[in-house]
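The values are calculated or read from the model by the stated rules, or taken from the named source; none is laboratory data. Keep in mind that this is a model prediction, so the values were computed, not measured. Don't worry about glycine lacking a Cβ; one is built from the backbone with ideal geometry, like all the others, and counts go over all protein chains shown. What goes into the accessible areas is simple: the full protein's heavy atoms, side chains included, and nothing from ligands, DNA or RNA. Shrake-Rupley method; radii C 1.70, N 1.55, O 1.52, S 1.80 Å.
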Amino acid sequence: MPATTLNVLKPSVNNLTVRMFVRAAGLDFEELDVWGKTTEPEFLAKYPAHLTPMLEEEGLPRGALGESCAIMAYLCNKHGLTRFYPEDPGERAMIDNAMFYLVGTFYPLVTRATYPTLGFPQYPGEVGTSEADDAMKAKAQKDAEAALAEPLDVYRAFFLDGKRFIGGDHPSIADFRFAATLEFLRAIDYDLPSWAEEYMTRMEETLGDAYSEPAADVRGYIEHVKSQAA
Ligand SMILES: N[C@@H](CCC(=O)N[C@@H](CS)C(=O)NCC(=O)O)C(=O)O
């Protein structure tokens, strides 16, 4: 039995990030689909944040680890995967910068722009969960979509800076996080700039099945949502 268990929700790009990574890194793992189970006592006892991806491994201080970027960094550190997470402090800091900027700034806009369409729960305190009428909720979603362009372009101008990947010639863990996130923008037919389309194609061509196989779950979910709306 593999030493690593990855608890996942398959339609999620937070999960897709790590699902692609463990495949590309060739790690020994088992995947546990916890759809509908994250708020059950068994899961909460392991990880009260009730979020996925969640990694279980013997030797972890609490036996469980959350947050897609923390999981990838941990696995790189543990297995010496410096090709995905460079050791040089400056180079590593740039990968961290790209990941923290994604989780802290870009992804919250992605959720507001796509979650209403995807039918995913939105966050308390925002327009989407308030008593605002449908027109106001639709405006909030459109505002978030419009606001995506600026942080998206930071990836082109700053993190990629003419390179093939954020990691340089090869994908880094920040590339897994970024490419997976862009997949969700298909749900709203977001008009991705050509550099971003080319980047996603480059990622998929470089990673092959490690990308395409788990991405099929996200893409299938998006197609399903679109077919219901049609
Ligand atoms: N910042 C986290 C986000 C994790 C997250 O939001 N996971 C969602 C799926 S997209 C989840 O597991 N939700 C289940 C729940 O809230 O019970 C990461 O990057 O891993």
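Using DSSP to call loops (not H, G, I, E or B), can you name the GluC sites (Glu not before Pro) in region 111-189 whose Cβ has at most 11 other Cβ atoms within 10 angstrom? Within region 111-189, the qualifying GluC sites (Glu not before Pro) (loop, at most 11 other Cβ atoms within 10 Å) are GLU131. Qualifying GluC sites (Glu not before Pro) in region 1-107, where qualification requires a DSSP coil assignment and no more than 13 other C-beta atoms within 10 Å, comprise GLU58, GLU87.
If you roll a 1.4 Å probe over the heavy atoms of the protein chains, what accessible area per residue do you get for the chain, in Å²? Working shown, then result.
Details: 11380 Å² over 230 residues.
Per-residue accessible area for the chain comes out at 49 Å².
Across the cross-link table entries LYS37/LYS137; LYS139/LYS226; LYS37/LYS78; LYS10/LYS163, which are compared at the Cα atoms, the separations over 26 Å belong to LYS37/LYS137; LYS37/LYS78; LYS10/LYS163.
For region 1-34 versus region 142-167, the spacing of their alpha-carbon centroids is 26 Å. HIS170 contributes about 120 Å² of solvent-accessible surface, heavy atoms of the protein only, 1.4 Å probe. For a straight C-alpha distance cut-off of 19 angstrom, the aspartates and glutamates reachable from LYS142 (same-chain residues fewer than eight places away being disregarded) are GLU126, GLU131, ASP133, ASP134, GLU150, ASP153, GLU183, ASP189, ASP191.
Between TYR74, TYR107, TYR123, the residue with the greatest mean-square fluctuation in the GNM of the chain (Cα pairs under 10 Å linked by springs) is TYR123.
Can you send over the carbon and sulfur percentage of the accessible area for the chain, probe radius 1.4 Å, protein chains only?
Details: 6010 of 11380 Å².
On the chain, the fraction of accessible area on carbon and sulfur atoms equals 53 percent.
Computed with the Debye formula from one identical point scatterer per Cα of the chain, without solvent, the log10 of I(q)/I(0) at q = 0.12 Å⁻¹ comes to -0.67. Evaluating 6.51 cos²θ - 1.76 cosθ + 1.60 at θ = phi - 60° for every residue in region 177-190, the Karplus couplings come out as 5, 6, 4, 4, 4, 4, 4, 5, 5, 5, 4, 10, 6, 4 Hz, glycine and proline recorded as x.
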